[in-house]
Structure formats: structure tokens, C-alpha cells
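Taking it in order: structure first as C-alpha cells, then the write-up.
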Amino acid sequence: MFLRHSATFVLRRGPGRHLPRTLFHSSSVQWALKRFKLADIGEGITECEVIKWNVKPASPVHTFDPLCEVQSDKASVEITSPFDGIIKDLLVEEGHVAKVGQDLCTIEVADDMIAVEDEVPLATPVEQPVFTTGGNVRCPPPKQHATSAGGPGEVEHQPSPKQTRRPHPLDPNAPLEARAPFSPAQDVLATPSVRHYARQHGVNLSSVAPGSGKDGRIEKRDVDTFLRRGAIESAVSQDTAATYPVPAPQLDKDVTVELSRTRWNMWKAMEKSLAIPQFTCSTTLDLTELHNILPILNAHIPTHYLPPSARPSAASQVISPSAFHAPPAPPDVAPSAQYTRLTYLPILLKTLSRAMLEWPLFRSSLSPDTPSTDTSAKPALTMRPHADISIALSTPTGLYTPTIQAADMCSVYALAAQLRQLAHLGRQVPCALTPKEMPRRGGTVSVSNVGGIGAVESAAPVLVPGGGVAIVAIGRARWVWDVERGDGSGERRLKVGVSWSADHRVVEGAEMVAFTEAWRAWVEAPQRLIADSV
């Protein structure tokens, strides 16, 4: 009779390399190398830049632990480990570009954790020791302790500690304390080369932090800036630095500044846009009717979109609608998405989505398998059931294009809340936009609200690959005297300039103009939205 006991062992593959495993069998354990490839993280994305590795060779990794962060043309994405194991090699260095499908790293895993494919067997398998006390009875040995001269077959009885995973600071579900800003009590982030450079110049990194890199990482240029300002003291308190900021010195010579990752991605996207023939046109839309109904819409903003300080008191209601039966709970709205006043932009997006429903061409995008170089293959368009609209968002770290999905299914109030939330996430440093706001496939039409920045009447937006079939730039609305109205005497009207650029490979010029007129019909007669919703 054999007695089989479950025990937790620590298998040692080498000095300082431990992998907790719970084993329930006495067969040999084989090891293999798993090649981890860069997956397709977005429509039209063929390569990504590796921003930062969160692991290093010979370090253990667990399932869903962050491996690295990659930067595409659209957003920064965190890649996690699909299984437990030990990092063997990092095949792409930080700052280098990896193609989709290229190997990023190799992970040493046990054979019961991986599939048969992509296995690369290692050296001779490690046999688990079997201890016999007599006859046919097998039982676990007494507790043994590892020594410094442990070999490949050494086994140590040790309880497996419960792994507590640290939430990623860019995770929107992480607690607030995990996303708290930098404080001097925290460890500074800097590479060994930067630390060595700072020690050579007598700079305390705690007085430089937070740096300009990702997650406050201190770069070499931060140390150089600190030195130029003349602050070579060993430590400077944060309160003093905030109260008496050191002004930037007047430079009397040229300074070369390397492009950031986001601007470098914008550079590459603009170069690729030269391969797209674009048709452009400009016109004006009359917002007078929208202006007249806007006070009514502002007076009836649903309560859950208002901040708590602006919500009406429940005691003011003499008769409550919930006296008979409680109404369904409204959707949760983040505090950063709440507002007290509507603008024209969410109404323009709503009317644009209605025009997109009338024109399936502007709800279409180039199919992912459409060849870009093979001219003999016929391209194809994928028509979507809803209107997906991308928003050009200028952030402190660069230009991003988050997407509002199914904008035709959202109310004007919901669109306004989404716009505020996107602006809030984009203002964070580093940018807090996640794949939820930057989906794999973006919108089929992009909108750039340049009028919110300056007194711009028209612009010439540039359509980049993966940006849909058209992009529109909306200028600043202004009151003008329209001599064509009022029986020839003219009227004062509120008008805004819009400028379109379309992919002329799939959109004809006449179609672009006709689609603009369909949008105009909704904007200049917003009462149609009432009948459309009944």
C-alpha cells in the first residue's frame, strides 16, 4: 500500500532562483522554455516600442504579473505574464521596437503548465526524492533545510507564502493609495547608469524626484537640469521647493531636445499619412437653434451627472416619485465625469452619429487583412452597426485619440460625461488612458475640437492610417451677420467652421460633401432629435 502525501517544495534551479510549486505526484519534473510573443494589440498596429521591463533575467514571475509596457501609435499598454515561471532572457531591449509576432522574452516553466507546442526541453529532468521507511509504505521525509551548497536535486520543505500582487499604478481599478503622487519618503525611480551619473556629480536623487520619465522615473536630463539650476545640495525639502521654485536659467546657446516617445510615434504616423490621398473641404454650420435650446438642456441635466454640491435636495420634493415603487438605480458616474453645464461639442457628436447612421460608408473602416503593398489583391471595408467616433486629445505627454464607441446609442448627457472623463484621464502624468478608452480598433470618424484652444475658423486636419475614413476639425463658434437671411435684411447668427479630410481611396468628393449636408440638417434643426427619440 502506498500513501501519497501532498507537500509544498521549493525547487532550486540555480543560486538564488526559487520557484514555489505544489506537487501531488512523484514523477519527474521536466522544464521547458516558452517563447512569449508580442500579440496584436490594435487594428492597424504592426509594431510597438518597449518602454520598460518590469522583470529581469533569472527572476520569478507569476500569472498576471506585469512583464513590460509597450507604446503603440495610439496608447501605452501593459503586457502581463500568461503563466508562472522564471524569466530566462529578454529579447528586446528598452527603447527598441518590436514587430507584432516577434519574441519578447523566454520564460522557463514546468511542462504541466504549458502546451506541447513551443516547448524547448532543457537539461536532464530533476527527479523528486522518494523516501521509504520500510516495506511498500512511502511517506514524506522529515523537514530538511537547504544549505548554501544546494545542488539541482536539492529539496527544501517550506510553506508557500501567499503572493500579494502590487496593483499597477495605471490600473483604473487600483486603490487610491496605489496611485498616490510621489512623496520624498518613497523610493526614487532611476536606472543604475543615472544613479552612477548622479553620484559622480554629488546629486541626491531624492531632491530631483519626481523625474520626467515614466511613473516619475529620473532621467539623465533631469540631473543635468538640476545641475544647471545650481542646486547641488544633498537634499532639498519638498515644501521649500514648492514655495520657492527655482526659475529656469536663460540659455544663451542652442539646446538639442530629443523627441518623446509619443511625439516620435506622431512623427511616424504623419509620415505614413503621406501614403493616403486625401480630399479636403470646409464649410460653416449654423448653431443658432442649438444655442436657443441649450439653456433648457442645462436646466434638466440628470441628477447623477451633477456633482453632489449641485444636486437638488430630496427634502424639496413634496411628493416623491418613489412613493409607489423605487425607480431603477442610475448608472454610476465618476466624480471626474460630472458637470454642471453642457457645451456644443456633445450635441455636435450626437448629430454626427445620426448622420453616420444614414451613411454606412462613414461607419466603415479598412479591413485588418487589407494588403497595403500587394496591389493585385482587392481591399475590403468593414461596416460597423454603430457610430464609433474618435476624439483628438492633446495631453501633457502628447496627442492621443480615444474612442467613444456606439455614440449613436448615448444621450447628449452621457456623451458630455464621457468627454469630461477622457479629458481628465488625458491630463494625468503619465497619461491614464487605458485600452478601455483606446480600443483595438478606433473610430471610423475622428473629431478635433481646435476651436476650444484658440480663435480658429478652419483647419486642414491630417488623416493617418488607422484613423478611420474621415476626420473633421471644428473651429470656434462666433456670431456673424448673415445677409442671406431675414428677407434680405440679414440676421445675427451663431456659426462655426468645420473642415474635413477624407480617405480619397474609398470616399468620393461628392460623398464627403453630401455627408456634410446630412450632418448640417441635424445640427441646424436639432428638434429632429426629439422625434427621432420617440
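Once amide H atoms are placed 1.01 Å from N in the peptide plane, what residues at a sequence separation of 5 or more from C105, or on another chain, have their amide H within under 5 Å of its amide H?
Residues meeting the criterion, in which the H sits 1.01 Å from N, are F36, L91.
Could you tell me which GluC sites (Glu not before Pro) in segment 427-534 are loop residues by DSSP with no more than 10 other beta carbons within 10 angstrom of their beta carbon?
Passing both the DSSP loop test and the Cβ count: E484.
Tell me, how many Å apart are the Cα centres for segment 270-290 and for segment 477-534?
Between the Cα centres of segment 270-290 and segment 477-534 lies a distance of 13 Å.
Mind listing the long-range amide H neighbours of R441? Cut-off is under 5 Å, sequence gap 5 or more, other chains count too, H placed in the peptide plane at 1.01 Å from N.
Amide H neighbours of R441, under 5 Å, 5+ apart: E43.
Of all the accessible heavy-atom surface of segment 269-391, with the other protein chains kept in place and a 1.4 Å probe, what percent is carbon and sulfur?
Values: 4530 of 7340 Å².
Answer for segment 269-391 is 62 percent, counting heavy atoms of protein chains only.
Could you calculate the contour length gain from R492 to V456, that is, 0.36 nm times the residue separation minus the distance between their Cα atoms, to one decimal place in nm? Mind showing how you got there, number by number?
On the way: separation 36, 0.36 × 36 = 12.96 nm, distance 1.97 nm.
The span from R492 to V456 would gain 11.0 nm if fully extended.
At q = 0.11, 0.12 Å⁻¹, what log₁₀ I(q)/I(0) does segment 325-415 have when each alpha carbon counts as one equal point scatterer in the Debye sum?
-0.49, -0.57
Greater than 28 Å separation of Cα atoms is the criterion. Which listed pairs, K350/K495; K99/K253; K56/K272; K52/K272; K37/K268, meet it? Working shown, then result.
On the way: K350/K495 18 Å; K99/K253 39 Å; K56/K272 34 Å; K52/K272 26 Å; K37/K268 23 Å.
Checking Cα-Cα distances, K99/K253; K56/K272 exceed 28 Å.
The values are calculated or read from the model by the stated rules, or taken from the named source; none is laboratory data. All of these numbers come straight from a predicted model, not from anything done at the bench. In this analysis, Cβ positions are derived from the backbone assuming ideal geometry, glycine residues included, and neighbour counts consider all displayed protein chains. Ligands, DNA and RNA are stripped out before the accessible areas are found, and what is left, the full protein with its side chains, is counted by its heavy atoms. Shrake-Rupley method; radii C 1.70, N 1.55, O 1.52, S 1.80 Å.
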